[in-house]
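Report on the structure given below.
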Amino acid sequence: MVRRFAPRFIVWLTLSVALACGRRGAPVRASEELIVAAPGDPDSSSVGSELGLHPVNANVYETLVRLTPDFRVAPQLATRWQPRSRNTWRFHLRPGVRMHDGTTLTAAAVVWTMRRIARGGGGPMGIGASSVRVLDDTTLDITPTRPGRRLVEQLANPDWSIMAPGSDSAAPPVGTGPFRFVEYARGDHLTVERFDAYWGDRARLRRITFRFLPDPNARLLALRAGDVQVASDLPRGAARAARMLPDIAVATSPVGGYEALYVTEPRPAIRRAIVYALDRPRLVEAAWRGTAEPAQLLGPAELLGRSAELVAGARSDPRRARRLLDGAGWPPLPDGIRAKAGRRLALTLVIGPPDFDIHRVMATVVQDQLREAGIDLRIVQLPDSGAYRARIKSGAGDLWTVAGDLNDADPCFVADLAVRGGARRYLDACRAAVALDDAQRSAARALRVLIDEESVVVPLAGTYRVWGLRREVRGFMPHPSSPSQRWDRVSLATNRVSR
């Protein structure tokens, strides 16, 4: 049986009552300033280059290519590109783009940015200090230090946004985006304003202030009170209550992330039994409560294109799980746990950051469902990423939580997992493929090995972002990749409330 979580329900009920009793839609004047409740603060003592990019993308910076909501790449600061050799791409910059300091964007800013990336380790692309060769002010070649054809898809990640030379200093950040930096108050807010010399369509809002409210319940209450017009990452469960409020709209992004189990248990029959024992819909409902959907893949199917159908996944079938264990010589004991040669079938699930509140519930539901199949699951929670990595290195565990947000268009992302054998060969082929369709096919084949054939990766949930909006907000389109969220098409309308 799945356990009930009364304390969490009481918190949700209390919040729902508070929302229902709050003031009903105070009149809001038409305004060109938007206030957004955001969960994170850059927590920086200086106004360095990460402001306007992390933890919220305020559209101060832009990439050479942008990530579309269906996980494709589209022109942004680069208008076109083509491969020049096995490991070199040529980019043609958009002419006449103004930066926020009044200078014109040239290849020099790309050189400076790529060297900055190289100093930070080179990113997944493998950028080196000499990776860029400038042909003229708007034409350049980029050659990573390691072979691979996925450079263009990887550059869609806003982490690799183009910055003005010298942006690592304490000076205000300078980019090319539709908004320019105004001020940052540590622990309180970040403010940007419209950049009227923007190369594209001018932003509809004059100003955006991102207020840092780490508590998701505080963000929702601020939204209900009218103190903010947009709130990101609404609390699980309470988002459903917010949908019933007359002055609040809830916007859900497409799937942009994943949660899965990585299984290092060496016995194939046990791994397969785990897959069939799990009831994903029940698990996702209990743990994510309206912020995810059951998954058969890692991440959105769009990332694999038509090749996503190569991965079958598995449906819940507890009876089949029990038959697999019976056939492998693991009969049940009187308490229901199976044993062989006097040894109980006991496994360890290791959970780590982030999202401990989700992972704790998820782990408990997994524990209940595996127990129904006769597997005794012990849960170990580690306090931080360092302890989690050390535990993985030690090998002291059988199942591990794996989570990710997809922030670029690279279908070979699963290469970040510790895979080998047939899956590794397919991932190498993904990296080397010239055509994106071929790369997607190789990535899907790698996932088919990991998920369908070897059962070492067990997808659980496809995660998405849940935003709360006041009714006067117009034009907001939630992006599945939060760092690629755009604000330049958002506007505010007068909210007239009848008395």
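The values are calculated or read from the model by the stated rules, or taken from the named source; none is laboratory data. Everything quoted here is computed from the prediction, not taken from an experiment. Here the Cβ is made from the backbone with ideal geometry for all residues, glycine too, and neighbour counts use every protein chain on show. Accessible surface is based on the protein model in full, side chains and every heavy atom, while ligands, DNA and RNA are left aside. Shrake-Rupley method; radii C 1.70, N 1.55, O 1.52, S 1.80 Å.
In terms of accessible area, using a 1.4 Å probe and ignoring ligands and nucleic acids, ASP408, ASP201 rank largest first as ASP201, ASP408. Just check region 364-499 against the gyration tensor rule for me: Cα atoms, a ≥ b ≥ c as the square roots of the eigenvalues, rounded for a/c under 1.5, and otherwise prolate or oblate depending on whether a/b exceeds b/c. Here region 364-499 falls in the oblate category. With a Förster radius of 41 Å applied to the beta-carbon distance between ARG98 and ALA225, the computed FRET efficiency rounds to 0.60. Taking every alpha-carbon pair under 8 Å whose residues sit at least 6 apart, the chain reaches a relative contact order of 22 percent. Note on exposure: LEU298, LEU333 ranked by accessible area (1.4 Å probe, complete protein assembly) read LEU333, LEU298, with the most exposed listed first.
The fraction of accessible area contributed by carbon and sulfur in region 283-395 is 50 percent, rounded to a whole number (1.4 Å probe; ligands and nucleic acids excluded).
What residues from region 211-229 fall in the zone where the backbone N is under 16 Å from a label point 7 Å along the Cα-to-C-beta line of ASP188? So the set is 211-214.
Pairs of Cα atoms nearer than 8 Å and 6+ residues apart set the relative contact order; for region 178-286 it is 13 percent.
Accessible surface of region 80-239, 1.4 Å probe: 46 percent of it comes from carbon and sulfur atoms.
Against the set (i) 133; (ii) 173; (iii) 150, the structure's computed volume of the Cα convex hull per residue in Å³ falls on (iii). For the chain, the longest principal axis of the alpha carbon atoms and the long axis of helix 268-277 meet at an angle near 70°. For ARG119 and LYS340, the difference between the fully extended length at 0.36 nm per residue and the C-alpha to C-alpha distance is 74.2 nm.
Label separation (ARG240 vs ASP384): 3.6 nm, computed from points 7 Å beyond Cα along the C-beta direction. The distance separating the Cα centre of region 59-115 from that of region 224-250 comes to 36 Å. Once R0 is set to 22 Å, what does the formula 1/(1 + (r/R0)^6) return for the Cβ-Cβ distance between SER394 and ARG267, expressed as a FRET efficiency to the nearest 0.05? Here the calculated transfer efficiency is 0.65. Using C-alpha pairs below 8 Å separated by at least 6 residues, the relative contact order for region 45-201 is 31 percent.
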